[in-house]
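Here's the structure, in structure tokens; my notes come after.
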Amino acid sequence: MRNCCFVSLIIPLILLTACTATDKKNEQIPILKCKDCNVIIIYPNNLREDHLGLYGYKKDTTPNINEFAKDSMVFTNAFSQSSWSLPSVASLFTSKYPFSHGLMNRYELAQEETTLAEILKLYNYSTVAFTGGGDYKSIYGINQGFDIFNDGDNPEIFTGSFNITTKLALEWIEGNKDKKFFMFLQGYDAHCPYNPPEKYRTLFEHSYNGDINDSVCIRSLGFKDNNSDEYINLNAYYFDNVRINKLSDINRTTKRTSEINKSKTKNPLIIQYKDITPLNLTKEDVAHMINRYDNEIRYVDDLIGNFLKKLQETGIYGNTIIIFAGDHGESLDEHGRLGRTGVGRGYYYDGVLHIPLIIKHPYIKKAQKFDGLVGTIDIMPAILNFLDIPTPHEIQGLSLLPLINGSKPDLREFIFAGGRHGPGVYPFHYDTIIHDTIRSKKWKLIFERSLDLKINNLELYDIENDPMELNNLIHEEPEIAFQLKKRLFNWEKSAKSKRNLKEVKLSSEEIGAIRRAGYLG
């Protein structure tokens, strides 16, 4: 009888032990099934991983996000599948690479795609989104499956703030606390121009003696002379939706503006639109812009921190999976590039593709770090796994659970990103450009080419020893480059699918808003 009692007690204990999926490295991570959990994805625009405190940044840019990470899962090798927002969010919602879902230009997502919101709606989730507009507008079809998709109602505003979207989100939650919901929350506050509210403008800089106008976007697309304080080309510009008709108008914008050298400037849009102004940038100017960018991040951090605090007050925080992930990063003087032009060349360095990824799960009570290679496409299957919902067979992302529970130290050997973009009215290339990259923890290959092969650029970096991607080893390591290029082509071939997508026609107000946000296409 005593033996029977012992067996009856020990079997549940064994089962309980089995259900807590212990891993010494990750200190007893439980099975993370949470069928009735709410899900919130917070998706800040333009946020570099290496400018957040929890990832080692020295400036105090993210005290609230650091605190949020203390009982969350932090992924240190997370990467976006694209250098700009629209393909990135499409990959997030479909768990497919841009070559597969096809949303690489300003088109509309195909109706036959299955989105995360559509799946969750089938399982009785209320699905809501609050975005800052821009590339997160319903006109691009990314609203598939959402009951509410609030992208603002002003076509002239391209980069809406978390200050607005978080308030709308909290208002909705307050009236719907009894519902099981999926929420997508987005804001553009770290996007150029780096012009935060007054109280944030001098957080990381107390004096600046330059005279650049940082109330508009500034882009630099060329290379600099490392032995000189000045950029040696004319590829740095103010981007604004103003019409500059003569040189005196340009000079009123900045004291240190160079004249347009027509022999060097082959961009017809400079002459046609006259709404981008060339300038030279000093190292002091660049340092000032980076400080302003960090000020913006601190503003984002306060807005997100306030949202999380108010979320706790609603009483649903403990039953909500919260995912904080960047859509892409920003170029900050790497290879002479400052800012991004979305799909322009030279934006597949880690400063743009390496993103923060933090997952708060109700069953995780202590910070856990994972260094396996993961991507934006892996977020959707992770959510479905957490909710114990089957994943569609056509997705290309991988479940994060084997990485989390320690059964696999790495999900994959390589992570990929890539896309293509036709010329359209985009001013910095005149042919269809294909961007690809393949990255392991050791090596990274970037391949940029045009269909006419006038552009055919390969870059190879030893990431372990050259994390800033400064020393191109394409000629020193031809065999490694060859093998990576072969894998890259095989991936591209497997990821591609034919899509006849509908082109989105933008209004003149929307085109103007895009230009004010620093884009011409």
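List of remarks:
- Answer from 436, 378 - the residue that is at pLDDT 95 or above, buried (at least 17 other Cβ atoms within 10 Å of the Cβ) and within 21 Å of the chain's Cα centre (by Cα): 378
- Among (1) over 18 Å from the mean Cα position of the chain (by Cα); (2) at pLDDT 95 or above, the one test that residue 407 misses: (2)
- From the list 68, 79, 75, the lone residue that is more than 20 Å from residue 352 (Cα to Cα), within 28 Å of the chain's Cα centre (by Cα), at pLDDT 95 or above and aromatic (Phe, Trp, Tyr) is 68.
- When residues of segment 174-191 are limited to those that are touching a helix residue (DSSP H, G or I) at 6+ places or on another chain (Cβ under 7 Å) and closer than 25 Å to residue 34 by Cβ, the one surrounded by the most Cβ atoms within 10 Å (Cβ to Cβ): 182
- Test: residue in segment 149-165 that is assigned to a helix (DSSP H, G or I) and open to solvent by 30 Å² or more (accessible area, probe 1.4 Å): yes
- Filtered residues of segment 54-83 (kept if among the aromatic types (Phe, Trp, Tyr) and open to solvent by less than 10 Å² (accessible area, probe 1.4 Å)): 75, 79
- Cβ-Cβ under 6 Å pairs, at least 6 apart or on other chains, segment 364-388 side under 22 Å from residue 65 (Cβ atoms) and among the polar types (S, T, N, Q), far side at pLDDT 95 or above and in a loop (DSSP other than H, G, I, E, B): 376/80; 376/81
- Any chance residue 118 is open to solvent by 30 Å² or more (accessible area, probe 1.4 Å), among the charged types (D, E, K, R), assigned to a loop (DSSP other than H, G, I, E, B) and more than 22 Å from residue 353 (Cα to Cα): no
- Note on segment 478-500: among residues that are aliphatic (A, V, I, L, M) and closer than 15 Å to residue 440 by Cα, the one that is surrounded by the fewest Cβ atoms within 10 Å (Cβ to Cβ) is 480.
- Condition met for residue 319 (at pLDDT 95 or above and over 24 Å from the mean Cα position of the chain (by Cα)): yes
- Among (1) open to solvent by 10 Å² or more (accessible area, probe 1.4 Å); (2) touching a strand residue (DSSP E or B) at 6+ places or on another chain (Cβ under 9 Å) - the single one residue 92 does not satisfy: (1)
- Yes/no for residue 142 being part of a loop (DSSP other than H, G, I, E, B), open to solvent by less than 10 Å² (accessible area, probe 1.4 Å) and of a type in the set (Val, Ile, Thr): yes
- So residue 305, is it assigned to a helix (DSSP H, G or I), out of contact with any Cys (no Cβ under 7 Å at 6 or more places or on another chain) and small (Gly, Ala, Ser): yes
- Failed item in (1) over 24 Å from residue 316 (Cα atoms); (2) at pLDDT 95 or above; (3) basic (Lys, Arg), with residue 360 passing the rest: (1)
- Unmet requirement for residue 385, which otherwise passes all of (1) assigned to a loop (DSSP other than H, G, I, E, B); (2) over 16 Å from residue 415 (Cα atoms); (3) of a type in the set (S, T, N, Q): (1)
- Among the residues here, residue 481 qualifies as at pLDDT 85 or above and of a type in the set (Gly, Ala, Ser).
- Residues in segment 444-458 that are touching a residue at least 40 places away in the same chain (Cβ under 8 Å) and open to solvent by less than 40 Å² (accessible area, probe 1.4 Å): 444, 445, 446, 447, 448, 455.
- Exactly one residue among 313, 334 is among the acidic types (Asp, Glu), without any contact (Cβ under 8 Å) to a residue 24 or more places away in the chain and open to solvent by 10 Å² or more (accessible area, probe 1.4 Å), and that residue is 313.
- Restricting segment 392-403 to residues that are in contact (Cβ under 8 Å) with a residue 24 or more places away in the chain and more than 21 Å from the chain's Cα centre (by Cα), the residue that is surrounded by the fewest Cβ atoms within 10 Å (Cβ to Cβ): 394
- Within segment 122-132, considering residues that are without any contact (Cβ under 8 Å) to a residue 60 or more places away in the chain and either small (Gly, Ala, Ser) or at positive phi (or both), the one surrounded by the fewest Cβ atoms within 10 Å (Cβ to Cβ): 124
- For segment 316-328, a residue qualifies if it is open to solvent by less than 40 Å² (accessible area, probe 1.4 Å), more than 17 Å from residue 70 (Cα to Cα) and either touching a Pro at 6+ places or on another chain (Cβ under 7 Å) or not acidic (Asp, Glu) (or both), and the qualifying residues are 316, 326, 328.
- Just one of the listed residues (90, 117) is modelled with pLDDT of 95 or more, under 19 Å from residue 436 (Cβ atoms) and not polar (S, T, N, Q), namely 90.
- Residue satisfying condition, being within 30 Å of residue 216 (Cβ to Cβ), open to solvent by less than 10 Å² (accessible area, probe 1.4 Å), part of a strand (DSSP E or B) and not aromatic (Phe, Trp, Tyr), within set 355, 359: 355
- Filtered residues of segment 109-120 (kept if touching a residue at least 40 places away in the same chain (Cβ under 8 Å) and either out of contact with any Lys or Arg (no Cβ under 8 Å at 6 or more places or on another chain) or closer than 21 Å to residue 42 by Cβ (or both)): 109, 114, 116, 117, 119, 120
The values are calculated or read from the model by the stated rules, or taken from the named source; none is laboratory data. Predicted model only: the values in this text are computed from it and were never measured. Positions of Cβ are backbone-derived with ideal geometry, glycine not excepted, and every protein chain shown enters the neighbour counts. Ligands, DNA and RNA are stripped out before the accessible areas are found, and what is left, the full protein with its side chains, is counted by its heavy atoms. Shrake-Rupley method; radii C 1.70, N 1.55, O 1.52, S 1.80 Å.
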